[in-house]
Amino acid sequence: MRQSERWTPLHTQLHQVLRQRQFLPPHSKVLLAFSGGQDSFCLLQLLIDLQPKWGWDLALAHGDHGWPSDAAENAQYVVQIADQYQLPLFARRAPTELRSEAAGRRWRYQILTEIAEKQGCSIVVTAHTASDRAETLLYNLIRGSGTDGLQALSWQRPLSAQVHLVRPLLAATRAQTGEFCAQRQLPIWEDGMNQELAYRRNRIRLGVLPYLKTHFNPQVETALAHTAEILQAEVAFLESETQRLLAESIPHQPPVLSSAPSPPCLGYINRRKLQSAPTAIQRRALRQFLQNTLSLSANFQQVEKVSALITAPNRSRTDPLTKTWVAAVLDPWIVICPAAWA
């Protein structure tokens, strides 16, 4: 097939993204997570078509969860596609059944990292799209996530000290990848699990998003993906300000207190420094303070209880944050101290 016949707007879009973001450098070793489904097959073909321009060393990785019932057939199909494209394939099968979405996701990223490190690939590529980004934003919003959860699927993130995860299709929708696969007559693997409404993300994909498209915004996936992109930049700014505030508010050495608790406090943060910060930064700083001192993934209510101590009278305290620890005011400090002492 001639270059003019196979070059599509999606090729142009991806090529421009790669030139702008520079996260798939020329001649780098790239490991593509490949299921054979619509999105991953689309990305495979795009990378193959762009390879002469970039000179990547491509390989495929596939994880067999052991489910659904046709998982073994899917794995064999992936072997056939790798042979057809003459690409190295590194396949793994889960030692035990991974029945939950979260468990499957953790295992996939674990094996992708291990394979990439062993094969000397510095980059793992997945075929997440703007549609996946929109679904993730809605899913996290419904669960009550803060802005960190709503930024939803970054373009890249580290998997280990040696390996980065890259998602180059985040500007494309699932409709675009489907159209591309149809035009190129790619033999995509139809995963029956994508139609099972027992999975929450499928209910968002098959029910919520189509309703929003029909009744609110035909371009809702793109709009939500853009929102996630905006939030990603804003979260990065908030995080930098939070780290600056924490550096100013947390002492390098435990302060000397007029009446020392026994056992000693776990942590100290200067509430006078917190008072000068915007509420959004206060909340982020206190959430991280609780995580660092108590290994507590604090919810909104817990953070608000500690936030109230910023302006509370001396010796004020929260109810127990864990079984044995509370936050209390020992001016100018908010401290994490034993519940019995406070």
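Points worth noting:
- Residue in region 58-69 that is in contact (Cβ under 8 Å) with a residue 40 or more places away in the chain and in a helix (DSSP H, G or I) present: no
- For TYR268, the conditions (1) of a type in the set (Phe, Trp, Tyr); (2) open to solvent by 80 Å² or more (accessible area, probe 1.4 Å); (3) closer than 23 Å to VAL303 by Cβ all hold with the exception of (2).
- Of all residues making up region 129-172, the number that are open to solvent by 50 Å² or more (accessible area, probe 1.4 Å), in a loop (DSSP other than H, G, I, E, B), on the phi < 0 side of the Ramachandran plot and touching a residue at least 12 places away in the same chain (Cβ under 8 Å): 1
- Residue within region 83-96 that is farther than 22 Å from ARG167 by Cβ, touching a residue at least 12 places away in the same chain (Cβ under 8 Å) and either hydroxyl-bearing (Ser, Thr, Tyr) or open to solvent by less than 50 Å² (accessible area, probe 1.4 Å) (or both) present: yes
- Residues in region 309-342 that are part of a strand (DSSP E or B) and open to solvent by 30 Å² or more (accessible area, probe 1.4 Å): ARG317, TRP325, TRP333.
- Under the condition of being crowded, with 16+ Cβ neighbours inside 10 Å and not basic (Lys, Arg), the residues counted in region 97-108 number 3.
Quick grid of which residues meet (1) exposed (fewer than 11 other Cβ atoms within 10 Å of the Cβ); (2) without any contact (Cβ under 8 Å) to a residue 40 or more places away in the chain; (3) in contact with a helix residue (DSSP H, G or I) (Cβ under 7 Å, 6 or more places away or on another chain):
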{"position": "VAL208", "(1), (2), (3)": "no, no, yes"}
{"position": "PHE216", "(1), (2), (3)": "yes, yes, no"}
{"position": "THR222", "(1), (2), (3)": "no, no, yes"}
{"position": "ALA233", "(1), (2), (3)": "yes, yes, no"}
{"position": "GLU241", "(1), (2), (3)": "no, no, yes"}
{"position": "ARG244", "(1), (2), (3)": "no, yes, no"}
{"position": "GLU248", "(1), (2), (3)": "no, yes, yes"}
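- The single condition from (1) assigned to a strand (DSSP E or B); (2) in contact with a helix residue (DSSP H, G or I) (Cβ under 8 Å, 6 or more places away or on another chain) that TYR268 fails is (2).
- Selected residue (criterion: modelled with the lowest pLDDT) from residues of region 278-308 that are open to solvent by 20 Å² or more (accessible area, probe 1.4 Å), touching a helix residue (DSSP H, G or I) at 6+ places or on another chain (Cβ under 9 Å) and aliphatic (A, V, I, L, M): LEU296
- For VAL78, the conditions (1) open to solvent by 10 Å² or more (accessible area, probe 1.4 Å); (2) within 20 Å of LEU186 (Cβ to Cβ) are fulfilled apart from (1).
- Top-ranked residue of region 112-128 - restricted to ones that are in contact with a Lys or Arg (Cβ under 9 Å, 6 or more places away or on another chain) and surrounded by fewer than 20 Cβ atoms within 10 Å (Cβ to Cβ), ranked as farthest from GLU234 (Cα to Cα): GLN119
The values are calculated or read from the model by the stated rules, or taken from the named source; none is laboratory data. Note that the structure is predicted; figures quoted are calculated from it, not measured. Reconstructed Cβ throughout: ideal geometry from the backbone, glycine too, with neighbour counts over all protein chains shown. With ligands, DNA and RNA removed, areas are computed over all heavy atoms of the protein, side chains included. Shrake-Rupley method; radii C 1.70, N 1.55, O 1.52, S 1.80 Å.
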